[in-house]
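The next block holds one structure in the form of structure tokens; read it before the comments.
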Amino acid sequence: MTESTLQAVPLEKPRNQLLSRMLSHRGLVIGAGILVVMVLAGIVGLLGLAGDALKISYQSRFVEPSAEFVFGTDHYGRSIFSRVVTGTHLSLLIGISVVAITAVFGVLIGAIAGYFPRLDGLIMRCMDALMAFPPIMLAIAIAAALGAGLLNLIVALGITYTPRTARIVRAAVLGVRNSEYIESARLSGASDGRIIVKHVLPNSMAPVIVDLTFVFAYAILAEAALSFLGVGPPPPVPTWGNIIAEGRDYLVDAPWISIFPGLAIGFSVLGLNLLGDGLRDVLDPRLTSK
Amino acid sequence: MIEVILRRLISTIPVLIGVSLITFGLIHIIPGDPAIVIAGPDASVDQVESIRQLLGLDRPLHIQMSVWYMNLLQGDLGNSFMLGRSVLQAIQERLPTTLLLTAYSIVITMPLGIAAGLLAAYRQNTWVDTAVMSVALLGVSVPSFWLSIMGILVFSVMLGWLPSSGYVPPSEGILACLQSLTLPAFSLAVFQIGLLARMTRATTLEVLRQDFIRTARAKGLAEWKTVAKHALSNVMIPIITVVGLLVNVAIAGAVVIEQIFVLPGVGQLVVQGILRRDYPVIQGSILAVALILVLINLIVDLLYAYLDPRLRND
Amino acid sequence: MRISRRDLFKGAATMGLAGQFSAHPLKLFAQTTTPTRGGSAVVAMNAATETIDPHFSRSQAARNILMHIYETLVTIDESGAPKLQLAEKLDVSDDFRVYTFTLRQGVTFHNGKEMTSEDVKRSLERYARISPEKVRLEPVESIDTPDAYTVVVTLNKSIPSWIELIKSPASPITIIPAEECDKGPNEIQPIATGPFEFVDWDGVTRLRIKRYEDYRPDETHQDRDGYGGRRVAYLDEVTFTVVSEASSRVSGIQSGQITIADDIPVPAARRLESDPMLAIYDRLPVSINLVPMNVQRAPTDNVLVRKAIQQVLNTEEIMGIATDGLFNLNPSFVYPDSEFYPGNVDQLVYNVSDTDRAKALLQEANYQGEEVVILTSSDIVSLQEAAVVMSEQIKSIGIPVRVQVLDWPGANAMRADPTAYNMFSTAYAIQPMLGPFQYQRLVSGDGNWFFYEEDNEMESAWEELLAAPSPEERRAAWDKIEFRLNDQAYLLKLGDRGIKQVAQARLQNFQPYDAIRMWNVWIS
């Protein structure tokens, strides 16, 4: 198998060459652009520049999208625009935190399983058990057990996605473990830990980075689904899933409540998928055939 | 081969034990128990306690757990606290709905997803490719529960073409049954079509680059014949894996979709079980779903190994 | 302070509402058609019943279904007062200890067997054994059956209000065949004496009943009255389905799939008013929104902080948002048509919305900035909405607020923990209709929901109420309880909530009540 050498290639390339390949990839640039827009919107929301997402006004309930309320208002009379923009930083926070948890634990577990064959069986059976749950069911059960909340949601999704990443890391580590390159490091007396950190991981990172962008996207989708089912962060927290859920009773009479946060999710996940595709093309050229 | 299958089957047992242990742990961390649900909001502490005794919930956890495992060995998943039937019976009643929904969505997905993926690969880097892949990308970017409520808005409220909820079992008419599942199945399928199209394209491109295709092309075979004869047959192997993946995705998606459309499936059984703290139901139905997923993944792995000799010794 | 039905038409989104129920004038006219037998109906509910074992049931969703199948010795009439159903006569001894029920003759169970005193005795015994409400039968010393149609219940002490306890349709003391009575919870066959008999149930989404052809109606009445009176099943079959998405209930009723839908969002109901095929009903009041305050946990351990919160609440805004405008302002815990409604109700602190006064109270309380946790459940949206609006109002006087949302069982488990929260946004559905006695467990004794350790004034008022022989004395005692609750800010009343029910105009003679009653209605 030539997999290992192919994967080992990209990060050893000169940096500017990688960058120029990235910049010339249209999807990747668009995806990165969307992510930048998200981050900007997140900052705007965090600073409260998009208006008060929690301000209730009995007089301005169910206002259609208009000059005063760009996205209209909900049944509390709150501005959907303020809520959607404020929700952006929550989605980013959830996405980044889940990616961080998944990255740390997935890489750690995957690397140990891949590098130490004796532990492999036990670790991967545990991962299999977690993966045998349909992801949403596991997250619902964990969220119900821990209680609804932002932190608990992040933990639930982190636990749900870690096995996946661990599998990918393990496969990548298995791919490079027996390469001549690692063999020579081992012969020169390097410790296992050093070999993993210095040699194995850097050379198996490409698929992991690609996978993590998709985990980011899944986390945003899963947050929305869980909030919709009522096990996400409690109201009045304006996560996108909560906003959609709050509009579900008024789909016909005030469709704007659910439509705008739905579009925001679609737009963000689209951006992350474009970014992931682009990174795969650039970092993992097996699938690129230009 | 039989030995391989047996070995793999046995290796699923610890996985399932792990699943049931995790479930057991989780459901007993969840605040509130079935006694509280049954006793109602204004019950006194004594009332709740007496119901707890009635349901056997006052026994220590390890006793409850060992009783459950002992019963499981005899093929008994226990009785629901609320449904007035055994868990096994409840699962038997619900499973067909979920499987039908899953199968329906995959039947929609397969031709559309594969055709889109092949088309895009064959017309790589043209506007066709861009257009098809953009749509596919949109498909995997939009949350399916949002699509389904928008689907209700458009197809049942505005157009009145499809029922907005409720399930008609096949015994009451195949056509009505399919009609009741159409909106849910399409809500699920959109994501899967996007996923399958993207995978098919990627796999096809990889296969097309391989030497035997180049050789075939060099021999001057008509292009469509090349694709049809050589590429497709090679693409089928990974597609089997994809079907396995799709079943996983569909069953996971069904959990949310069954809630929205009030379909009496296993996903709804689990969610309702959690909401009512019906421990035996949660325990049994999660185990059942896990068993199905594990078996499907097993079959896929075995088929894959069978079709791809390189992996047979793995 | 001003109470009552203020200008409810204020504000862009306040919806039209009036009276107990309203329907399109044309449709009222149409309702004078003569009853016709036949046809079937589909009832769309927003929640599933948790059980079909009446002795083990609790919820409104359960009542919606079970009250068609089951009957009790004593039930309630249209206004919630006790009413005989399977008994034709009740004699109560002067010391309120011996209750003698004379059963109606010729009443048969759905299996064809005639109901006798033995069935009644065994049913009461099963209820006392397994029901979450078995406390109602706790004072029973003995049950005797001198003949097939007489049941004598002897209590171990004098309880003038015992009928008030056993009339409740929440966990109804239904009569089932004696041979079912040894079975455990949820193990009985759903066989009883009601106008409809059970067909099948899939456990959550769909339950079907059909007319019981040999039903013996109570001929002493002309018409239905609450759960009692003369009940007639005109429909051949009724299907109860759970349609949890409100939008699906709306589209189902529009397409004709559904005959009657419960809990339709007010904006949608207003839109449907113009549809001549549909009739819109207001079920107001359906429940009351209330907030027990925890007196153990800071800062609500301080009565001045509780009073500050009481002062700042704008219940009109809270109820307006939580009900989409379909509500009545009402400071009392009983409905205005109740004999217990306090005469000086306008002296209760309610819907004040006085920020300055609230801030002054906080200062007087030497409030240290502790967080207030409002507990509520995600399963009942209006409770959650009330909590969200309350939290914004309380924040406006400088108290940090966190809304803690759990599902229903989780919230009820946490409710019992005095260290976990300060306020609980909840609702009472049938209790205000049944009257004060339902509140005893909530607001007094060891298990009171405010976790006070001692309140002699409250306990003695309850003793007065329970022992009072005359209506005047009972009313006076209940007045004391209402004012004590208000003065200590133990229990905040938010308002009386209503919901919209929408039916096909073909459905005749329907009238909103505690449960959706599909008896005495027909399809034209």
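Values in this text are rule-based calculations from the coordinates and carry no lab data. Not measured: the values here are computed from a predicted model. Every residue, glycine among them, receives a Cβ derived from its backbone with ideal geometry; neighbour counts consider all protein chains shown.
Here is how the numbers come out for the structure above:
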quantity: Structure-based [θ]222 nm, chain A - -39500 (n - 2.57) summed over DSSP H runs of at least 4, per residue, nearest 500; calculated: -22500 deg cm²/dmol
quantity: Chain C: angle of helix C:117-130 to the longest principal axis, Cα-based, in degrees nearest 10; calculated: 30
quantity: Mean separation of Cα contacts under 8 Å, 6 or more apart, over the residue count of chain B: relative contact order %; calculated: 26
quantity: Kyte-Doolittle mean at least 1.6, axial Cα span of 15 Å or more - DSSP H helices of chain A; calculated: A:26-46, A:80-115, A:135-146, A:205-228
quantity: Mean residue ellipticity (222 nm) of chain C, computed from DSSP H runs ≥ 4 via -39,500 (n - 2.57), nearest 500; calculated: -7500 deg cm²/dmol
quantity: Fraction of antiparallel bridges per DSSP, the protein assembly as shown only, in percent to nearest 5; calculated: 80
quantity: Inter-probe distance in nm under a simple model that places probes 7 Å from Cα toward Cβ, at C:Thr36 and C:Thr154; calculated: 5.6
quantity: The range A:48-104 and the range A:234-268: distance between their alpha carbon centers, rounded to Å; calculated: 9
quantity: Two-site label geometry, A:Val44 and C:Asp417: point separation in nm, points 7 Å out along Cα→Cβ; calculated: 4.1
quantity: Label zone at B:Asp58 (point 7 Å along Cα-to-Cβ), backbone N below 12 Å, the range B:29-49; calculated: B:46-49
quantity: Efficiency of FRET between B:Asn125 and B:Ile10 - r from beta-carbon atoms, R0 41 angstrom, step 0.05; calculated: 0.25
quantity: Rounded tilt (10° steps) of C:355-364 against the dominant C-alpha axis of chain C; calculated: 70
quantity: Residue-averaged [θ]222 nm for chain B, counting only DSSP H segments that reach four residues, each worth -39500 (n - 2.57); calculated: -25500 deg cm²/dmol
quantity: Share, in percent, of DSSP beta bridges within the range C:285-498 that are antiparallel, nearest 5; calculated: 60
quantity: Sites B:Arg209 and A:Ser24 - FRET efficiency at Förster radius 25 Å, r taken between beta-carbons, to 0.05; calculated: 0.75
quantity: Alpha carbon centroid spacing (whole Å) that separates the range C:253-322 from the range C:468-511; calculated: 14
quantity: Among beta bridges that DSSP assigns inside chain C, antiparallel share in %, nearest 5; calculated: 75
quantity: Pairwise centroid distance, computed over Cα atoms, of the range B:256-293 with the range B:44-110, Å; calculated: 9
quantity: Helix B:266-276 vs. chain B, principal-axis angle (Cα, 0 to 90°, nearest 10); calculated: 30
quantity: Rough spin-label spacing in nm, given labels placed 7 Å along Cα→Cβ, for B:Val107 and C:Asp446; calculated: 6.1
quantity: Net lengthening on full extension, B:Ile29/B:Leu295 (0.36 nm per residue, minus Cα-Cα); calculated: 92.9 nm
quantity: Dipole moment magnitude, nearest 20 debye, the protein assembly as shown about Cα centre, only Lys, Arg, Asp, Glu C-beta charged; calculated: 5100
quantity: Flagged links, alpha-carbon separation over 25 Å, of C:Lys83/C:Lys121; C:Lys83/C:Lys500; C:Lys157/C:Lys183; C:Lys83/C:Lys183; calculated: C:Lys83/C:Lys500; C:Lys157/C:Lys183; C:Lys83/C:Lys183
quantity: Relative contact order computed over the range C:212-286 (Cα-Cα under 8 Å; 6+ residues apart), in percent; calculated: 14
